[in-house]
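Every read-out reported here was derived from the displayed coordinates using simple, explicitly stated rules and does not represent laboratory data. Every value quoted in this text rests on a predicted model; they were computed, and no experiment measured them. Here the Cβ is made from the backbone with ideal geometry for all residues, glycine too, and neighbour counts use every protein chain on show.
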Amino acid sequence: MTDRAIIDWPAWTDSPPGRYVLEWEQTQLDRVVSDVFGYHALQLGLPQLDALRENRMPCRGLVLDAASGASAPYAFPRGLARAGNGLGGGAAQGLPTGLPAPAGRSAVWCDLLDLPFEAQSVDLIVMPHTLEFTSDPHRLLREAERVLMPEGQLIILGFNSLSLWGARQSVGKMTGRPFVPAAVDLIAFTRLKDWIKLLGFDLERGRFGCYRPPLGSDQWLSRYGFMEAAGDRWWPIFGATYMIKAIKRVRGMRLVGPLKVKKPVLAAGLAPAATPNTRNHTQ
């Protein structure tokens, strides 16, 4: 597939199907990230979606690269990166006004396949379609696992290949007219589950959404609004998009509370030795 599918991210997210998908994803993220606590949270790519809007961590960053959907007017030179933000990466200074970096966030420009963060330093990573516009999804997942702290959480959103949208994308790819932006083939939900389990993650929850057909106008999408409730009940695995929430587990590690000093237990039939304060009464 050509780079056109990547460059068209901003235009696609402003189209009727793009707004339809992002509205569902924004609703799901607002609900999920609100109860994830810690200190550092990262959103990798897709600045058109404010994935950390409802999260309350003090240090939240938007991490972008050339293929992350941050094409014009969002792109900015790599030389603008500066060291010293609270996340351990490069906080971009003097960004163009078109870059939608929300208030209170750091915009970090880097290679997503080589994240400039220390190992086990991030509490939450959100990847909205990030695996679909990177050239190496496996390596990106390994990087996410590296920087996440033990018990850190990973949220992934993507297009479901086992759906009407996935079928249209496959046909469009052969004809040179893809329906959704993606640099690689869409990743099946089942395959993604296998990938994250191999990296030591435990799947906490998964959810599908967007059951309307892949149509290009608001009018036609509205006509099939009845399919949302029906699809969620009768064919949930065929939704156009999915969201996965996983937790990084470190095998052999156990969280413990304060240590308690236990009193020595005497064997049966034994009495404690006499102490200086013990009074011995003899006849």
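Within 10 Å of each candidate Cβ there may be at most 12 other Cβ atoms; applying that plus a DSSP loop requirement, which trypsin sites (Lys or Arg not before Pro) in region 112-181 survive?
Working: sites: Arg139, Arg142, Arg146, Arg168, Lys173; in loops: none.
In loop regions of region 112-181 (DSSP not H, G, I, E or B), there are no sparsely surrounded trypsin sites (Lys or Arg not before Pro).
For the residues Ser106, Ser222, what sequence is obtained by ranking on other C-beta atoms within 10 Å, fewest first? Each step should come with its number before you reach the end.
Numbers: Ser106 18, Ser222 12.
Ascending Cβ contact count within 10 Å gives the list Ser222, Ser106.
Among Ile156, Ile237, Ile247, Ile196, which comes first, second and so on when ranked by fewest other beta-carbon atoms within 10 Å?
Least crowded to most crowded, the residues run Ile237, Ile247, Ile196, Ile156.
Taking neighbour Cβ counts within 10 Å as the exposure measure, how do Trp12, Trp109, Trp195, Trp235 sort from fewest upward?
In order of increasing Cβ crowding within 10 Å: Trp235, Trp195, Trp12, Trp109.
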